[in-house]
1. Take TYR70, TYR31, TYR113 and order them by how many other Cβ atoms sit within 10 Å, fewest up front.
2. Please arrange ASP17, ASP133 by counting, for each residue, the other beta carbons lying within 10 Å of its beta carbon, fewest first.
3. Between LEU11 and ASN74, what length comes free when the chain is fully extended (0.36 nm per residue of separation minus the Cα-Cα distance, one decimal in nm)?
4. Going by average Cβ density within 10 Å per residue, which order do the peptides 41-50, 163-172 take, highest to lowest?
5. Extension gain ILE141-TYR31, at 0.36 nm per residue separation less the Cα-Cα distance, in nm?
Amino acid sequence: MEIVIEATHGLPTTVIDPDGDTILILSNRQYRSLFRCSSAKLVQNCGHFKKKLAQGGQPHTELMRDGTVYLTINEFEVNTIEIILNLIHGRIRNIPRNPRLPLLLDIARFCNYLQCLPTVKPFATSWIEKSKDSVLECTTIKPDTNSWIFISLVFRHQEVFRHTTAVTQQCLDNRMDVMRGHPLVPKDIISK
């Protein structure tokens, strides 16, 4: 962790909360991005951070340095992280009204990872509703069907989930096991 913290010096920081006590470090192969945010908001809204930060209500001391908590996140897009952090901190002015499918899928992945469904669900429901008619018109498997299964599963949108899984089962002769290799479809769905 020490090496990661040192490598962040001089990098611009996206300020989600100016009074924030946490630096969230997005570190992936292409770039590093920093986000200043509130550990209290992260713990309050995300099961992932509640487990990682809350120990008797205080952040783990090994994550702290100079009064700041440093956390690292890998393999998510900057835009996705910024959207969800803004939602967690109640800053909705810059939230997209109708994200494209790849962004919505990444938001679902990050929401699932952070365990922050109650915070994101009202917006996700609105986003899904805007695309719902075209999804429900589909009667065959399309390249985005698996994405819609995952998105509707994460955001608990029963109508889209039922439709996409029914179409998939029907087109695959009820053989959901052929989806075993798909990383977005949970094993307990495949086995049913």
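Nothing in this text is a laboratory measurement; each read-out follows from the coordinates by a stated rule. A quick note: this is a predicted structure, and the numbers were derived from the prediction, not measured. Cβ coordinates were reconstructed from backbone atoms using ideal geometry, including for glycine residues, and neighbour counts include every protein chain displayed.
1. Exposure proxy ranking, most exposed first: TYR31, TYR113, TYR70.
2. Fewest to most other Cβ atoms nearby, the residues stand as ASP133, ASP17.
3. Gain in length upon complete extension: 21.0 nm.
4. Descending packing order for the listed peptides: 41-50, 163-172.
5. 36.1 nm
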